Amino acid sequence: MGTLTPQDISFVQTFENPVMSEFIDGAAGSVLVLGIIIVTVLLTYYRGWKTLWFDWLTSVDHKKVGIMYIVVSFVMLARAIIEGVLMRYQQSIAVNDPGVLTPDHFGQLFSTHGSIMIFFMAMPFITGMINYVMPQQLGARDVSFPLLNAISLWLTAAGAALVMISLVVGKFSTGGWTAYPPYTGIEFSPGEGVDYWIWSISLTSIGSTLTGVNFATTIYKNRAPGMTLFRMPLFCWTSLCTSVLMIFAMAPLTIATLMLALDRYAGFHFFTNDLGGNMMNYANLFWLFGHPEVYILILPAFGVFSEVISTFSGKTIYGYKSLVVATMSIAVLSFTVWLHHFFTMGQGANVNAIFGIATMLIGVPTGVKVYDWLLTMVRGRIRLTTAMLFSIMFLITFVIGGLTGVILANPPVDFAVHNSLFLVAHFHNMVIPGVLFGMIAGYQFWFPKAFGFRLSERWGKASFWCWSIGFYLTFMPLYALGLMGAMRRTVEWFRPEYLGWLQVAFIGALLLFSGFIFLCVQLVSSVRHRDQRRVPAGDPWDGRSLEWSNSAPPPEYNFAVIPKVSGQDAFTRLKEQGQAYVSPATYEDIVVPKNSMVAPVIGVGAIGLGFALVWHIWWLVAVSFVIIWSAVIARSFVTETERVIPASTVRADHEAWLAQVRECATTPREQEDTSTNVGRAEVLA
Amino acid sequence: MKRQPVLHPGLNLGSADEYSHAQSEPVIFGFWVFLMADLVLFAILFATYASMSVQGQAGGPSPTDVFDLPSAFIETMLLLSSSITFGMASLALKYKADRLHLVFWLVLTFCLGAGFIAMEVRDFWIMTQQGAVPQRSGFLSAFYMLVATHGIHVTAGLCWMIVMLVQLWLLGRTTEVKLRLMRLALFWHMLDIVWVCIFTFVYLFGVAL
């Protein structure tokens, strides 16, 4: 089939060449295959296939789509974090020693680690979080285009699946997550690796563009009556900015990957060394996407911190309008700084100076935000829950990362530490607290809303300490190493003075991994003891925005009656005015979209398309292409795409829930983490 | 007379079909947003072409050697006329209760679009016969990428038109069909604007410089 041979299966390679590096590769592949087998057996044993298909995979409900995004993200996080630990291990033993990994295998590891963390961990995590929360905060029943939402999910999942397939079939790229040509051109990387990177990234970039269109339309057109833009919770504002960035910034990536593909497959000369190609065009296109991408990831986390800090301080957010303006400024400025990723390109001092200054400018709105969050906490009744701890640790750590960013924004300094471990330390210092801590905080915060029970605070805090201490132990040494001259992506060292720093970093990486393990333990433990942790009334944290005003988990239509909004912190207002949990006067029929198998069909077609392109199996390319577009066209002939939930059903369900809420005892904030918290908050008027 | 509120930029159905008009708000708005993302894609291709058209010739053919300006002019006329005929189709969608006018204008638009594609393919064929293949230089790579991406968009628009003709025949003038035709119209006009830019910046500038 195409260029695919039995020798490309990783187990065959391990068998034929049983060295440690191949062994690790084979083991990783085995874990993947074993995982798939276990899931298949469990689903069959518990007869879960029907539920999986009808309740989840074909669902277009934004809440389920959101949860599926986050599941994808967790699975990919597990792989990428193990890869990170493995690389730290390799480097910590590879001082005047080849270590356990071959350079080629090491190259694959840093390429998959970066690509997964950005495209298949962080992106699905923020997209899932926005999907779950944003429509409920707006008082909407769904996003504007529910099916498109599911299609975006499946395109992203197809990209993730391709990266996973590369673990077993063939090799992944060794060109890093940025895949700079000419190294990734056909001349220097003739194998299938770069093609895996190209097609997985292309699929997810198309998915993200469609997501951006969908979210922006939802926020502009789908808000509840009275929910003006300046009454929206800040998470919605940051979602809006992220969506706008997705709309504008994904196209350069799509184009860059397609051009690279044309260079590789058809002998074009976009980025080649000869015949008029220009590899610096790639760097420009990639970072024209890549820098806004940083803010695509970080802004939703800023939104989460705003919600978490305000809720757990028991105060309305400080400086709401300044936060909105700061978010918008960051979104605009993010398009003016891409060149700082390659100050060393040779474009002259003036150009570098302009981009350096623009880069430092972004520090200003970010600083405004930090002060707003701090001032929100001042004189608040602060509760140090897991979500809040992650938010506070974010504030401290992110500021350090921001300062090193301002240092790097100086072109002369950048020339000295360009591509060193100093840079690696800097961007991990931004995205771990800025994105991952934010998403974990959001996960702790909204989990009870999504599943109807609280997560264990004890395990959550254990995880928090591992993540925090682990972060400092892993990445502070990398700053020092970078200043000592250690370059990134190095498989073997020849300077004995690096050894101690690298060993500390490895211990830190183990702690980070324990942080992840504790998150898993927390999930399992909380599921097992869910009956003492249930919050059916839906408001476990004395929440302030509309998503807390419905049951936990919410009905598929979110709101029995679309709420009317009269100001900021809509739900807090209702509670203070005694208007929460009041029976509505009338109920109406609710129209919800029917499930559709179009999205999974497109997803499977996309996996087939990507795989076939990687391995040059042209008949499968044609078949997959036809499958994808037939599904789209066939869908447009379906006229019955919605079903009606009658008003009587809505009334029965909603009144039953209201009766249950009225019987619930109210919980004072001190008892938030006890079984008395059933999701009805005590209101202090 | 009561003025209909304009809920979205684009073809206004308000006076003829208020129900569809109200339904169209998020759909048309969302499509505008999508078109914006698509235009960014073309902007990137134009930027790439600008950086490679002169710098990337690598001793190969220059724009003056390979561009057939009369042919590009005929293509421009075909595409511009197709925008007019689609405009007529939009008016028929709003004001004529029958399907015949609408179908007539759509078929005419399709023929003009297909003529454009046929001319473009012919141009490409002649260029490759002269040795001006995309593998020859960065300039030609960027040229084919930009112009063919537009061509693929037009082809997608033609396929979409066929689907819409079938739907008009099978489903009639339902709200969904109307909304799809409104989006197709926006798509078609956008491609026209992109072509005007291609004709100006690629063909006219290329031959003038």
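Please return the longest stretch of chain A lacking exposed loop sites, where chymotrypsin sites (Phe, Trp or Tyr not before Pro) count only if DSSP places them in a loop and at most 13 other Cβ atoms lie within 10 Å. All intermediate terms of the calculation are to be shown ahead of the outcome.
Working: sites that count: A:46, A:188, A:494, A:637.
Within chain A, the longest run free of exposed chymotrypsin sites (Phe, Trp or Tyr not before Pro) spans A:189-493.
Would you mind calculating the gained length between residue A:643 and residue A:665 on full extension (0.36 nm times residue separation, minus the Cα-Cα distance), in nm to one decimal?
Details: separation 22, 0.36 × 22 = 7.92 nm, distance 3.66 nm.
Contour length minus the Cα-Cα distance gives 4.3 nm.
Rank these for me by crowding, B:77, A:360, B:190, B:164, going from fewest to most other beta carbons within 10 Å.
B:77, A:360, B:190, B:164
For the pairs A:221/B:178; A:315/A:369; A:315/A:449; A:50/B:178; A:63/A:575, flag any whose C-alpha to C-alpha distance is greater than 27 Å.
Working: A:221/B:178 20 Å; A:315/A:369 16 Å; A:315/A:449 20 Å; A:50/B:178 37 Å; A:63/A:575 25 Å.
Distance filter (> 27 Å) returns A:50/B:178.
Which cross-chain or sequence-distant (5 or more) residues have an amide H under 5 Å from the amide H of residue A:420, H modelled 1.01 Å from N in plane?
Amide H neighbours of residue A:420: A:488.
Mind listing which trypsin sites (Lys or Arg not before Pro) in segment A:543-576 are in a DSSP loop and have 16 or fewer other Cβ atoms within 10 Å? Show your work: numbers first, answer last.
On the way: sites: A:544, A:564, A:573, A:575; in loops: A:544, A:564.
Counting only loop positions with at most 16 other Cβ atoms within 10 Å, the trypsin sites (Lys or Arg not before Pro) in segment A:543-576 are A:564.
Scan around residue A:453 for amide H atoms under 5 Å from its own, H built in the peptide plane at 1.01 Å from N, and keep only partners 5 or more places away or cross-chain.
So residue A:453 has HN proximity to A:535.
Could you compute the FRET efficiency for residue B:170 and residue A:626, with r as their C-beta to C-beta distance and R0 at 22 Å, rounded to 0.05? It would help to have the intermediate numbers written out before the result.
Working: r = 21 Å, r/R0 = 0.96.
The value I calculate is 0.55.
Please list, in order along segment A:143-155, the HN-Hα scalar couplings obtained from phi with the Karplus expression 6.51 cos²θ - 1.76 cosθ + 1.60 (θ = phi - 60°), rounded to whole Hz, x for Gly and Pro.
For segment A:143-155, the Karplus-derived couplings read 6, 5, 10, x, 5, 4, 4, 5, 5, 4, 4, 5, 5 Hz, x marking Gly and Pro.
Quick check: pseudo-label points 7 Å beyond the Cα along Cα→Cβ at residue B:88 and residue A:321, how many nm apart are they?
In this crude label model, residue B:88 to residue A:321 measures out at 5.4 nm.
Can you list the residues, at least 5 places off or on another chain, whose amide H is less than 5 Å from the amide H of residue A:95, using H built in the peptide plane?
Residues meeting the criterion, in which the H sits 1.01 Å from N, are A:493.
Which FRET efficiency, nearest 0.05, do residue B:97 and residue B:65 yield, Cβ-Cβ r, R0 41 Å? Each step should come with its number before you reach the end.
On the way: r = 54 Å, r/R0 = 1.32.
With a Förster radius of 41 Å, E is 0.15.
Show me, for segment B:19-28, the HN-Hα J-couplings you get by feeding each phi into the Karplus relation (A = 6.51, B = -1.76, C = 1.60, θ = phi - 60°), rounded to Hz, glycine and proline as x.
My calculation for segment B:19-28 gives 5, 4, 4, 5, 5, 6, 3, x, 5, 5 Hz in order.
Summing -39500 (n - 2.57) over the DSSP H runs of n ≥ 4 in chain A and dividing by its residue number, what mean residue ellipticity at 222 nm do you reach, to the nearest 500 deg cm²/dmol?
On the way: 21 runs with 430 residues, N = 685.
Per the formula, -21500 deg cm²/dmol.
Give the share of C-alpha pairs in each 5 angstrom bin for segment A:277-397, from 0 to the last occupied bin, in whole percents, shortest bins first.
Values per bin, smallest distances first: 2, 11, 18, 18, 15, 12, 9, 7, 5, 3, 1, 0, 0.
Could you identify which residue out of B:54, B:194, B:107 has the top mean-square fluctuation in a GNM of chain B using Cα springs shorter than 10 Å?
Maximum among the listed residues: B:54.
Just report the Cα centroid separation between segment A:597-632 and segment A:357-372, whole Å.
Rounded to whole Å, the Cα centres lie 44 Å apart.
What's the exposure ranking of A:664, A:466, going from fewest to most Cβ atoms within 10 Å? All intermediate terms of the calculation are to be shown ahead of the outcome.
Details: A:664 18, A:466 21.
Listed from fewest to most nearby Cβ atoms, that is A:664, A:466.
How far, in degrees from 0 to 90, does helix A:103-115 lean away from the longest principal axis of the Cα atoms of chain A, to the nearest 10?
30
Tell me, how many Å apart are the Cα centres for segment A:5-72 and for segment A:536-583?
Cα centroid to Cα centroid, the span is 39 Å.
Quick check: net charge around residue B:117, other residues with Cβ under 15 Å of its Cβ, Lys/Arg +1 and Asp/Glu -1?
Values: positive: B:122; negative: B:75, B:120, B:123, B:192.
Around residue B:117, the charge tally is -3.
Hey, rough spin-label estimate for residue B:77 and residue B:6, points 7 angstrom out along Cα→Cβ, what's it come to in nanometres?
Between residue B:77 and residue B:6, the simple spin-label model gives 3.3 nm.
Per the helix-only calculation at 222 nm, which mean residue ellipticity applies to chain B, given -39500 (n - 2.57) for every DSSP H run of n ≥ 4 and division by its residues, nearest 500 deg cm²/dmol? Before the final figure, lay out each step's value.
On the way: 7 runs with 156 residues, N = 209.
Using -39500 (n - 2.57) per qualifying helix, the result is -26000 deg cm²/dmol.
Taking Cα pairs under 8 Å and at least six residues apart, what relative contact order does chain A come out at, in percent? Intermediate results must be reported in sequence, preceding the final value.
Numbers: 1135 pairs, mean separation 114.0, N = 685.
Rounded, it is 17 percent for chain A.
With a Cα-only, solvent-free Debye model of segment A:1-47, what are the log10 I(q)/I(0) values at q = 0.18, 0.32 Å⁻¹?
Scattering profile of segment A:1-47, log10 relative to I(0): -0.65, -1.03.
In angstroms, what radius of gyration and Dmax does the protein assembly as shown have, counting Cα atoms only?
28.1, 87
Per the Debye formula with a single identical scatterer at each Cα and no solvent contribution, what log10 I(q)/I(0) holds for segment A:448-596 at q = 0.10, 0.16 Å⁻¹?
At q = 0.10, 0.16 Å⁻¹ the computed log10 ratios are -0.62, -0.93.
Read-outs throughout are calculated quantities, based only on the coordinates presented, and are distinct from any laboratory measurement. Note that this is a predicted model, so its numbers are computed, not measured. Using ideal geometry, Cβ is built from the backbone for each residue, glycine included, and neighbour counts are taken over all protein chains shown.
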